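Have a look at the structure below, then the notes.
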Amino acid sequence: MSGTYHNWRNPDGNYEDVKGFCCSVPIDRVRELDYVLTPGRYVGLADEEDDFDFKERVTRLRAEFEAQLKEETRLNQLILENFGKIKINHG
């Protein structure tokens, strides 16, 4: 990463913009975006070339979420049982 910076700073460096990582823009572009320096406005998103299967991903996330809900219920019951074991003397 520091090599990218040094290449950008050095006029003889081998710098090039990398979508989703770095982008050199003129101050006019920053002015156009009202000086907001959120990186995504300038570098954009990297081109993802993975085989993203939305249906499979949502199905897996739902199953994981349902398992977490069951675990939450189990843990809440265990906590309530443990509270029931606590004896407090009033005196």
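What's the total number of residues in the stretch 19-37 that are of a type outside the set (S, T, N, Q) and surrounded by 10 or more Cβ atoms within 10 Å (Cβ to Cβ)?
10
If the Cβ limit is 6 Å and pairs must be 6+ apart or interchain, which residue in the stretch 9-32 that is without any contact (Cβ under 8 Å) to a residue 40 or more places away in the chain pairs with which residue that is surrounded by 11 or more Cβ atoms within 10 Å (Cβ to Cβ) and polar (S, T, N, Q)?
GLY13/ASN7; ASN14/ASN7; TYR15/ASN7; CYS22/THR4
For the stretch 38-69, which residues satisfy the criterion of being loosely packed, with under 10 Cβ neighbours inside 10 Å and among the basic types (Lys, Arg)?
LYS55 - this is the single residue of the stretch 38-69 that is loosely packed, with under 10 Cβ neighbours inside 10 Å and among the basic types (Lys, Arg).
Quick one: how many residues across the stretch 2-29 are touching a strand residue (DSSP E or B) at 6+ places or on another chain (Cβ under 9 Å) and either part of a loop (DSSP other than H, G, I, E, B) or not hydrophobic (A, V, I, L, M, F, W, C) (or both)?
Going through the stretch 2-29 one residue at a time, the tally reaches 4.
Bear in mind that the values in this text are calculations on the coordinates, not laboratory data. Since we're looking at a predicted model, the values are computed, not measured. Ideal geometry is used to build each Cβ from the backbone, glycine not excepted, and the neighbour counts take in all protein chains shown.
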